[in-house]
Structures are given as C-alpha cells and as structure tokens.
Amino acid sequence: MQNMPEGTEERKREDRRVRRTRSSIRRAFLDLLNEKEYTQITVTELSERADINRKTFYAYYSGMEELLWELEKGLVEDYRGLCDRTDFFIPMFDGKAYFQEISRIIDANLEILTRLGDMGVLPDLMVRIKDMTIERFLEKNTSEEAQTDARIILTAEFIATGALAMFSRWTMDPQMSLDAFVDLAGALAVGGIREAFGGSREA
C-alpha cells in the first residue's frame, strides 16, 4: 500500500475543521436572522451562538457584511454552474429539466432565500443572477455577430428577467408547490403561454 504524502491527513483534518467552523457560523447567522433584524446582530452574539470566540470569527470574515456576501455568492455560483452546463441553443433543449435543476438549487437554499427575502435584499441578488445569466447565455452563442444581435440580446434579457422575477415572487409568497411552479416555468420557457395554459381560451 502506497504511503500517504506527509501532512495529507493533517490537511484533511484542517479542512474538516474549517468546514465545520464555517458551517457553525452560517447556521448561527441564519438562526439569528430568524429572530431579529440583520442590523441588530452583533459579532459577539453570533460568535456565542456558534460556540466560537470573536477572534475565530474574524479569522474567517472581516465582518457581518462579508458573511452575508458569502451566502449570496454561494447562490450565484450554484446558478452559474447550471448555466455553464446548459446549452440553450440545441434543438432538444429541455426547459422543464432546466427548471427542475433550478428548483433543486432553490430547495437546497430555501432557508437562505427566505431570510434574504425578509431582509429585502433578494431583488438585488436576483439582479446579480440575471446579469450573470445573460452573460452566460450570450457566451453560449460565440459568434461575433450574435454577440451584437439585438434578437439574441433581448431574448437573453427576456428569459433571465422573466424567470428570475417568477422565482423571486414565488420565494416571497409560495402559493403553489415547488413542483407545480417548475412545471409552469418550464412550460412557459419552452412553449409560451398557450402551452402553459393548455391552448387559447374560448371567447
């Protein structure tokens, strides 16, 4: 059996410790957000809730703003990964599967999204995600002509703005199940209003 390089186990233990500490800080932060306004949470209070000292907190974050930014960044990166894996221009593009992946991201981060919604910062986060979506959408169509084609640019804006506005509204006021929401969003993305609502209505 090949010997492990010296220090590998120690690094693994260190990595696990870092993950546990960050997880404890994050958990404490979300719990406190459920109890009070963001501006009322202090580093001392959060550190006590996470069972760490202030020095440990500042070893990971410069302040509460950076902790909040990290939560938002995680959501943006999850969505960036989905956009990188998605080719919107292939004939067999599966809109429903795309939104199912988004629903997985939402489901995994629902508590964070809810807290951000309560804080009133969700719209700003959605703008960041929208801009990143448009950027990735345009990058998928790499021709120089397409990059300046008004149809492509407006289509990207329409898809990103419409989808994210739906998600933002649903997160703040989920009056239908996540599965039903995904079905509706997928139908709208692929077939438009007629498919989503089963054809034109009788006059």
- Query: Any chance the range 73-87 includes a residue that's β-branched (Val, Ile, Thr), surrounded by fewer than 17 Cβ atoms within 10 Å (Cβ to Cβ) and either part of a loop (DSSP other than H, G, I, E, B) or in the same structural domain as Arg20 (by TED's automatic domain parsing) (or both)?
  - Reply: no
- Message: Show the residue pairs meeting these rules: Cβ distance below 7 Å; 6+ apart or different chains; first residue within the range 110-136 and free of Cβ contacts under 8 Å to residues at least 40 places away in the same chain; second residue buried (at least 16 other Cβ atoms within 10 Å of the Cβ).
- Response: Lys130/Ala160; Lys130/Leu164; Ile134/Ala156; Ile134/Ala160
- Taking the range 98-108 as the search range and keeping residues that are without any contact (Cβ under 8 Å) to a residue 40 or more places away in the chain and out of contact with any Asp or Glu (no Cβ under 7 Å at 6 or more places or on another chain), which one is farthest from Ala165 (Cα to Cα)? Ala108
- Selection count where residues are of a type in the set (Val, Ile, Thr) and more than 22 Å from Val121 (Cα to Cα), scope the range 39-91: 5
- Identity of the residue in the range 31-72, over 20 Å from Arg128 (Cβ atoms) and under 20 Å from the mean Cα position of the chain (by Cα), that ends up surrounded by the fewest Cβ atoms within 10 Å (Cβ to Cβ): Asn34
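The values are calculated or read from the model by the stated rules, or taken from the named source; none is laboratory data. None of these values were measured; they are calculated from a predicted model. A quick note on method: Cβ atoms are made from the backbone with ideal geometry, for glycine too, and the neighbour counts reach across all protein chains shown.
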